[in-house]
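The values are calculated or read from the model by the stated rules, or taken from the named source; none is laboratory data. All values derive from a computational prediction rather than experimental measurement. Every residue, glycine as well, gets a Cβ built from its backbone with ideal geometry; the counts of neighbours run over all protein chains shown.
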Amino acid sequence: MVKITDFLKLKGKASATAGGGAQEAAVEKKSETVKPNFSSPQNALEQGSNPLDIIAPKQIEVDFDYLRINNVYLRTLFITGYPRFVSPGWLEQVINFNASLDISFFIYPVEGKGVLDDLMRKVAEMEAEIYTDLERGKIVDPATQAKLDDAKLLQQELVKGAEHFFQFGFYITIRAADVEQLNYISKQVEATLGSLLIGQRHATLDMDNGFLSTAPLGLDRLSITRNMDTTSLATTFPLTSTELSGDTGVLYGINPQNGSFIIFDRFSLENANMTIFATSGAGKSYFVKLESLRSLMLGTEVIAIDPEGEYKSLCSAVDGQHIEFSFSSPSKINPFDLAQVYEKGESHLGLKILSLHSLFKVIMGEITPIQEALLDRAIVMTYKSKGITQDPDTQTKEPPLMEDLYKILIGMETPDALDLAARIEKFVKGSFVGIFDQQTNVSIENPFTVFGIKELQDALRPIAMFIILDFIWTRVKKDLKPRLLVVDEAWHMMRYKDSAQFLWSVVKRARKYFLGLTTITQDVDDFLAQDIGKAIVTNSALRALFKQSPAAIDKVGDVFYLSQGERNLLLGANVGEGIFFAGANHTPISVVSSPAEHKLMTTKPQEVIAQEEASKETEPGVAAKMVGEITQ
Ligand SMILES: Nc1ncnc2c1ncn2[C@@H]1O[C@H](COP(=O)(O)OP(=O)(O)O)[C@@H](O)[C@H]1O
Ligand SMILES: [Mg+2]
């Protein structure tokens with residue numbers, strides 16, 4: 001909350017009754033000018049008319065309470081008083097008013113010395129008033145006391161140079177097609193201002209000057225100002241989207257209602273997580289890729305798990321690292337891998353066993369409590385067979401492989417253990433051999449790293465996402481820096497309780513490790529039907545909704561507390577349009593990109609083919625160079 005200095009009239013001209021010098025002169029000022037009518041501007045010029053006459057309106061009528069220019073009725077209001085306390089962006093209701101208003105601000109810096117003298121006099125006056133009241137045994141007027149406190153505070157700030165002093169003029173001109181409509185809109189504007197505790201008056205008998213003062217001419221013909229200090233003045237800055245315009249961070253989009261920028265620093269919120277929901281093709285991945293590219297420029301690293309192969313061209317354009325997982329690719333991750341960066345005295349085994357336990361439940365499907373206990377024992381034994389125990393010193397040894405667990409399970413010889421072994425057999429000698437059964441040979445070294453799993457079959461995706469996420473998570477924890485971790489098509493992981501649980505555990509703990517986790521999903525119903533899905537949403541300070549299907553809108557509406565209007569907006573949204581939530585605020589958003597950015601983001605087949613053909617004609621490396629230019 002910021003206080004508005006509203007208690008003293010330094011120049012004696014700011015009161016509503018004084019209303020500027022023009023009023024005294026304006027006695028019954030009603031006139032009408034009628035312009036000669038020519039058939040065409042060309043014709044008029046030929047007849048020797050002055051060009052100014054040609055562009056000027058045909059008629060201007062200056063009434064005492066409105067101005068009519070041709071058929072448009074205008075009325076100017078000026079602001080006479082402000083509330084004592086306001087919060088930033090408080091003028092938003094006026095700026096976003098549902099009718100066309102011309103608003104002008106005039107800000108005049110006032111020299112500190114004169115203000116201080118006036119303040120001193122004012123303080124003395126108020127102190128004298130209080131003193132006299134006390135002497136006479138009267139109760140001191142609380143309003144005077146409050147003003148005195150404010151004045152003293154301001155005095156201190158001005159002396160220290162922490163605040164400067166300004167005169168602030170604020171005029172609003174309303175337009176309408178007739179007088180009735182003008183009166184109607186005026187009433188609404190007055191009510192809105194009233195609800196903000198802003199005092200206003202009509203610029204009665206001075207409507208022509210009111211009009212000129214709100215035209216984009218920089219002319220203050222009304223000269224009706226109030227005093228403001230720097231902080232109060234800053235709160236009147238008009239282009240804020242309910243606190244979504246920060247001065248640091250990246251551009252997320254534009255608020256289509258008032259054209260203001262939505263600039264935001266994820267890491268300034270209570271957590272940096274983001275969830276994105278929309279139907280397929282609504283612009284989710286595009287939005288995230290755009291954010292990634294822009295975040296890279298600010299030194300934030302980005303890691304993405306990409307099930308659709310959509311991040312490839314962006315990755316190569318920024319010279320990122322693309323790690324593809326398929327049966328034929330050389331990249332391997334061993335799920336038994338312990339954090340490579342070894343810290344003396346720290347045991348990673350306990351946590352690792354927990355996450356392996358969840359992973360194997362995803363791989364194996366339903367298992368009985370007895371089998372769970374067996375599995376736990378088998379994992380511990382597998383590590384032991386490689387000499388790795390809870391003793392941190394043993395944890396630098398080469399970790400076991402899937403095959404070792406398989407052998408241990410077979411060696412247990414009970415039917416339950418053999419059943420478990422059978423369920424992982426396909427990873428050791430069956431159709432899934434070749435990806436997760438060898439020692440890890442990839443590492444995250446690049447500021448932009450993409451893990452592609454497009455080539456994997458559907459059943460393997462949740463497992464692959466789990467293993468990759470676990471791998472990334474152990475690396476991220478070791479070396480703190482601002483990072484975004486994108487899990488595209490996150491609903492794959494929500495299909496199984498244990499992988500969903502793992503995703504949730506990352507969401508919950510990301511903040512501590514300077515990580516912002518972005519979960520993108522098109523399967524809203526599935527995601528929000530689970531408690532974990534809802535918990536992920538509540539633990540994401542940033543949320544974006546793009547186009548929704550009629551089937552999903554009710555669930556989304558309930559989880560996000562959307563009004564009917566907002567639900568309709570999402571149902572009818574175009575590509576890249578939606579609602580953006582940051583903390584407790586939300587605003588409509590339209591995601592915009594530059595042509596160079598669009599080239600890297602788009603996955604539309606027509607556009608991709610056109611680009612490929614164009615790049616065949618130009619030399620290779622041009623795209624990389626171009627991106628270099630953008631990212632600099
Ligand atoms: N903000 C946008 N501006 C222009 N085109 C967009 C925008 N968002 C999406 N598109 C187009 O729509 C296509 C599909 O968007 P995408 O983000 O891949 O959808 P999905 O929501 O399924 O991830 C993109 O390849 C791109 O061509
Ligand atoms: Mg997508």
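At-a-glance table
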| read-out | value |
| --- | --- |
| Checking L158 against (1) at pLDDT 90 or above; (2) part of a helix (DSSP H, G or I), the condition it does not meet | (1) |
| Set K497, K512, K477: member being more than 16 Å from ligand 2 (Cβ to nearest atom) and more than 15 Å from S355 (Cβ to Cβ) | K512 |
| Test: Q522 is assigned by TED's automatic domain parsing to the domain that holds E577 and either within 26 Å of T279 (Cβ to Cβ) or within 16 Å of ligand 2 (Cβ to nearest atom) (or both) | yes |
| Candidate set: the stretch 244-285, residues that are within 16 Å of ligand 2 (Cβ to nearest atom) and under 23 Å from A510 (Cβ atoms); chosen: the one surrounded by the most Cβ atoms within 10 Å (Cβ to Cβ) | F277 |
| Counted residues, the stretch 307-337 - those being more than 21 Å from S593 (Cα to Cα) and within 16 Å of ligand 2 (Cβ to nearest atom) | 2 |
| Condition met for Y171 (among the hydroxyl-bearing types (S, T, Y) and assigned to a strand (DSSP E or B)) | yes |
| Those residues of the stretch 266-325 which are assigned to a loop (DSSP other than H, G, I, E, B), within 25 Å of E612 (Cβ to Cβ), among the hydroxyl-bearing types (S, T, Y) and more than 10 Å from ligand 1 (Cβ to nearest atom), in sequence order | Y311 |
| Residue list for the stretch 520-536, filter: among the β-branched types (V, I, T) and more than 16 Å from ligand 1 (Cβ to nearest atom) | I532, I536 |
| Helices (runs of 4 or more DSSP H) contained in the stretch 40-144 and holding at least 2 residues without any contact (Cβ under 8 Å) to a residue 60 or more places away in the chain | 41-46, 51-55, 112-135 |
| Where a residue in the stretch 468-480 is of a type in the set (A, V, I, L, M) and its partner, wherever it lies, is assigned to a helix (DSSP H, G or I), with Cβ under 6 Å and at least six apart | V476/Y513 |
| Criterion violated by K397 - all others in (1) farther than 15 Å from D337 by Cα; (2) at pLDDT 85 or above satisfied | (1) |
| The stretch 75-120, residues that are outside the structural domain of L154 (by TED's automatic domain parsing) and more than 37 Å from the chain's Cα centre (by Cα) | none |
| Residue check, A421 out of contact with any helix residue (DSSP H, G or I) (no Cβ under 6 Å at 6 or more places or on another chain) and more than 19 Å from L338 (Cβ to Cβ) | no |
| Matching entry among R567, R511 (being in contact (Cβ under 8 Å) with a residue 24 or more places away in the chain and buried (at least 16 other Cβ atoms within 10 Å of the Cβ)) | R511 |
| Selection within the stretch 598-622 - crowded, with 19+ Cβ neighbours inside 10 Å and either in the same structural domain as N539 (by TED's automatic domain parsing) or not aliphatic (A, V, I, L, M) (or both) | K599 |
| The stretch 286-301, residues that are within 16 Å of ligand 2 (Cβ to nearest atom) and acidic (D, E) | E291 |
| Answer residue from the stretch 77-118, given it is among the small types (G, A, S) and farther than 23 Å from N183 by Cβ and is surrounded by the fewest Cβ atoms within 10 Å (Cβ to Cβ) among those | S87 |
| Breaking point among (1) surrounded by fewer than 17 Cβ atoms within 10 Å (Cβ to Cβ); (2) in contact (Cβ under 8 Å) with a residue 12 or more places away in the chain; (3) of a type outside the set (F, W, Y), for G194 | (2) |
| Any hit, the stretch 434-457, residues being within 16 Å of ligand 1 (Cβ to nearest atom), basic (K, R) and under 25 Å from S316 (Cα atoms) | yes |
| Residues of the stretch 177-189 classified as within 32 Å of the chain's Cα centre (by Cα) and either crowded, with 17+ Cβ neighbours inside 10 Å or not in a helix (DSSP H, G or I) (or both), total | 1 |
